[in-house]
Amino acid sequence: MKKFYVILILSILFAGCGVESGTAGDVTIEQAFSKLFQSDDFQSRITAIVLSSQFKKTKLSNVLSERLRKVDGIEKTAILYALARNESDDYIGQFVNSIPGDEKGIKTLLDIESPRKSYFSSPSLRVISYLGSLAIHNDNAFAKLKAIGRLADGWQGDSISVLAEDAEKWREKNKK
């Protein structure tokens with residue numbers, strides 16, 4: 001029964017992306033995510049990849065690892081985020097390196113919309129928050145977080161400023 005509700009929620013979040021709530025009882029979570037990973041809609045694809053990080057080592061990891069070889073840009077960043085969170089520390093460096101450093105790439109990351117227009121479910125904020133947690137001990141992550149913060153505004157800018165300030169405080173505290 002839990003599987004049905006998870007898929008039903010995903011169906012609602014990604015309405016129009018090929019996962020229909022009427023067939024939710026016959027579709028596994030891996031099948032639902034796999035379908036969304038293949039979506040032609042960039043927003044749906046990235047959001048599904050980021051949300052897949054909530055599921056521990058499953059068949060989704062294999063699907064993402066395979067897809068990683070075929071993509072670049074923000075999609076690669078999203079996949080590396082999901083893999084770094086749940087699979088292995090081996091992906092952390094790749095994740096940090098995949099964060100865009102140019103203005104166009106940063107803007108693309110910041111422009112990923114939340115499926116429900118909620119700050120808390122924003123795929124970009126999840127990715128950036130994880131980067132912020134790494135920025136405490138990782139110089140490259142800290143530099144990328146600050147670069148993103150310079151281009152963000154509104155609620156994103158406020159959130160990223162707090163992340164950068166917290167990381168800087170932790171870095172200063174641990175220097176002593």
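The values are calculated or read from the model by the stated rules, or taken from the named source; none is laboratory data. Because the structure is a prediction, the values reported are computed rather than measured. Cβ coordinates were reconstructed from backbone atoms using ideal geometry, including for glycine residues, and neighbour counts include every protein chain displayed.
Does Ser53 meet the test of being of a type in the set (S, T, N, Q), buried (at least 20 other Cβ atoms within 10 Å of the Cβ) and modelled with pLDDT under 90?
The answer is yes for Ser53.
Can you give me the number of residues within the range 118-163 that are of a type outside the set (A, V, I, L, M, F, W, C) and under 26 Å from Ser52 (Cβ atoms)?
Summing the residues that are of a type outside the set (A, V, I, L, M, F, W, C) and under 26 Å from Ser52 (Cβ atoms) in the range 118-163 gives 17.
Yes/no per residue for (1) over 30 Å from Ala135 (Cα atoms); (2) among the small types (Gly, Ala, Ser); (3) within 14 Å of the chain's Cα centre (by Cα); (4) modelled with pLDDT under 70:
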site	(1), (2), (3), (4)
Ser11	yes, yes, no, yes
Gln38	yes, no, no, no
Phe42	no, no, yes, no
Ser65	no, yes, no, no
Arg69	no, no, no, no
Gly73	no, yes, yes, no
Pro100	no, no, yes, no
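Conditions tested, residue by residue: (1) assigned by TED's automatic domain parsing to the domain that holds Ile46; (2) surrounded by 20 or more Cβ atoms within 10 Å (Cβ to Cβ).
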site	(1), (2)
Gly73	yes, no
Leu80	yes, yes
Glu113	no, no
Ser129	no, no
Leu134	no, yes
Lys144	no, yes
Ala147	no, no
Asp158	no, no
Lys175	no, no
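Please list, ordered by first then second residue, the pairs with beta carbon atoms under 9 Å, 6 or more apart or interchain, first in the range 152-176 and β-branched (Val, Ile, Thr), second outside any helix (DSSP H, G or I).
If the second residue must be outside any helix (DSSP H, G or I), the pairs left are Ile160/Ala152.
Restricting attention to the range 86-99, which residues are buried (at least 20 other Cβ atoms within 10 Å of the Cβ) and either in contact with a strand residue (DSSP E or B) (Cβ under 7 Å, 6 or more places away or on another chain) or in contact (Cβ under 8 Å) with a residue 12 or more places away in the chain (or both)?
Within the range 86-99, Phe95, Val96, Ser98, Ile99 qualify.
May I ask you to list the residues in the range 117-127 that are surrounded by fewer than 19 Cβ atoms within 10 Å (Cβ to Cβ) and in contact with a helix residue (DSSP H, G or I) (Cβ under 7 Å, 6 or more places away or on another chain)?
Across the range 117-127, the qualifying residue is only Tyr119.
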